[in-house]
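Encoded as structure tokens, the structure appears first; notes follow it.
Just so you know, all these numbers are worked out from the coordinates, no wet-lab data involved. Remember, predicted model here, so these are calculated numbers, not experimental data. With ideal geometry, Cβ positions are generated from the backbone for all residues, glycine too; neighbour counts draw on all protein chains shown.
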Amino acid sequence: MGSKKPSEMSAATIAAFKTALRIADEGNATDYFYLKTEVDSLIVGAKKPGLLLDLALIGSDVISVPYGASTYGAKGSAVTSGRMYGMMHIVREAITVTGVEYGQSVSAPSFTANNYNGFDLCSVSADVLTQITKTVNDAAAFATYGYFRKAFPEPVVLQPGIYFVRALWSASTTTTAPALTVCATASNSDLETILGTTLKTSFYKSSQTDLVTGDALSGTYGSSIMVALHLY
């Protein structure tokens, strides 16, 4: 294939990739988006995005980063109590996930936690998120400065596909809110406008007390902030 772009590839070549990926519905925007990312990856000749390769070289065991992440984690973005944040992950080969790795960048957050504080992992079908697993509620999850890991109750095997990692911080009173580190500036216009889909690389939804299954992506808002919610 050389350095051909997906748009320069023949219909037969794309069809071959499609067959190999067992994608049957050409009109499905979710399938098309996954096909595009997989073809792009194969053209480059590597299964792992550059950031994952960089992290592996320095000894990190992070195995998935939000789609489009350009750095491990930079300055923090203040979070809002009760606002759920979701980041898209593209899994290109089967992986075993243990939990979520994240950063909190405020030196001394001050708040009284309530409701649920933690993370979950979801699959997506059409417009609906299905919860696969969820961390145990931890009032101190966002109370300290630094990088942390929160494990799921047990490891989960993910097959190739599209997934979302979500985070929720909840507080009844707040003096100084925590801030989660970010890994890129997200853009949802290509997914929502060009593909005509409700998929978003980064989203949020306010007034939440817990992370639950069955949320519709159409009921969330695209965010320009990509929170560094990595999987290890």
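Key figures for this structure:
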read-out: Of 126, 115, 87, farthest towards positive along the dipole that unit charges on Lys, Arg, Asp, Glu beta carbons give the range 61-231; value: 115
read-out: Packing-based exposure ordering (other Cβ within 10 Å, fewest first) of 83, 149, 166; value: 149, 83, 166
read-out: Gain on full stretching of the segment that runs from residue 156 to residue 140 - 0.36 nm per residue minus C-alpha separation; value: 3.4 nm
read-out: Beta bridges per DSSP with both ends in the range 61-231, % antiparallel, nearest 5; value: 100
